[in-house]
Amino acid sequence: MNDSPGWASPGPAPSDGRPPENSGAAEPADERDADQAPASKWSKEQPPAGQWSAPGAAPPRSHAQTPPRQGWKGPQQAGGWGTPPGPGGWGGPPPAAKPGVIPLRPLGVGDILDGAVSTMRAHWRTVLGVTVTVAVLMQIAEILVQRYLLPEPVTIDPNADPTEAVRQLGESMQSTLISMGPTTLIGLIGTLFTTALLTIVVSRSVLGRPVNLSDAWREARPRLVPLLGLTLLFPIGALAIMAVGLVPGILIGSAGGAAFAALGGLAAFVVAIWLMVRFFLAPPALMLERQGIVQSLRRSAKLVRGAWWRVFGIMLLTMLLTFVVTMIIGMFFGFIAVLVDGDGFGNLLKGADPNFGWGFLIISGIGSVIAASITYPLTAGVTVLLYIDQRIRREALDLDLARAAGLPGHGTEQPADQTPGS
C-alpha cells in the first residue's frame, strides 16, 4: 500500500472508522455512535468525494482529460509517459542519433538513397562545383575528340557481295572500338575525380560537418594515384575475363567453336559481374581507410561476404535510376539538338555520314552535363553509404561515428578532419 499524498487504491476504504461522506447509504445510529472502535491508521487527508471508483470502472472524466505533465518520464519507456506504445504494448527503443544525413544504425535501401539525395541538398555548392566542373571538362574533351580525332565512320554498302560485306562489317567494328577508346578514357578520368572528391563530401555529411571544394581536394589529392590504379584495374580485369571466355571458341573457328565461344562468353560475363559486386566497395575503402589497391580489394571482399545479393540489388537499382535520369534528360536535349541541326539527323536516316554540326554537339553536351550533375553524386553517395552501412552491421562503426560527431555519451570528440573509416 502506498500512502503518498494523492494516491490511493481503488474502491472504498475506511477513514476514521467510517466511509467517506456521500459514499453511500447512511449507517445506522447505533453503529455510528460506537466509540469503542480502535483508532484508524488511515490518513485524514483523503481524496474528495466523487473521485472514488469501483475496481475496473473507467476513471472520472475530469481525470481522463487531464494531460500528462510535461518532462516526466515513466519507467515503462524511454520516451516518457506520453510516448505511444509499440506493437507489443510497450514503447520501442529511442530513435538512433542522426548528426548528419543518415541515422547511426543499420541502413535500409530508402535510408541509403535518402542519404545520397540529402547530401546533394546539404552540400549543393560543393557537389555542383565538383560535378559541373568535371562534366564540363569531359564534354569539351569528348566534343573535340569526336570532331577532330576520331576516324570517319565506315560506310557499309548494302549491295556488296557476302565477302565484301563481312570485310566492311569488320572495319566498322574496328572503327567503333577505336572511337570508344578516347571516350572511355575520358570517362574513367572523370569518374576518378568525382569519386575521390564526392567520397570525402559524403563522409563529412554523415558526421554533419561542413565541407567545401578546397577541403575535399586537399584531403582527396594524396589518394588520387592509388585510386587511378584501382579505376583502371576494373575495366582491364573485365576485358581479360571476357577474353579468356571468348578467345578459345574463336580460335576453333567452326560451328562448334561459335557455340563454345557463346558459352564461354556467358560464363565470363557471370564471373565479371560477381567480381564487380565483390569489389564494389573498394573505392571508398581505399579513400577513407587510406589503404593500398590490394588491401582495399580485400577489404571490399570482406565487407561484401554474406551480403552479395543485397549489394548487387542496391547497385542494380542505382544503375537503373541513373540510366532513367540520363535517358530522360538525353532525350529532351537530343530532341532540341535535332531541331537545331536537322541536316545531320536527315543524313543519319538515309544511312550516310550524319556530320552533326556544332549546334548539335553543344546542346547534347549541355544535356550530358546536367545528367552527370545528378547521376554522379547519386552513384558516389550510394557507394559510400553502402560501405558505411556494411561497416555498421559488421564492426559497429556507428559508435565510432557518434564519437567522431561529438555526440554526448560517446566519449571525447575526435579531430575535426576525422572521416568515417580513417
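Taken together, the values in this text are just the output of simple stated rules run on the coordinates, not laboratory data. Small disclaimer: the values here were computed from a predicted structure and weren't measured. Don't worry about glycine lacking a Cβ; one is built from the backbone with ideal geometry, like all the others, and counts go over all protein chains shown.
Numbers at a glance
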{"item": "Long-range amide H partners of R105 with built H, under 5 Å", "result": "none"}
{"item": "Region 173-298 shape via C-alpha gyration tensor axes, a/c threshold 1.5", "result": "prolate"}
{"item": "Segments 283-295, 310-322 sorted - mean Cβ within 10 Å per residue, highest first", "result": "283-295, 310-322"}
{"item": "Rounded, prolate or oblate (a/c below 1.5 giving rounded, otherwise prolate when a/b exceeds b/c) for region 202-274 by Cα gyration tensor", "result": "prolate"}
{"item": "Cα gyration tensor shape for region 263-347, rounded if a/c is under 1.5, else prolate or oblate", "result": "prolate"}
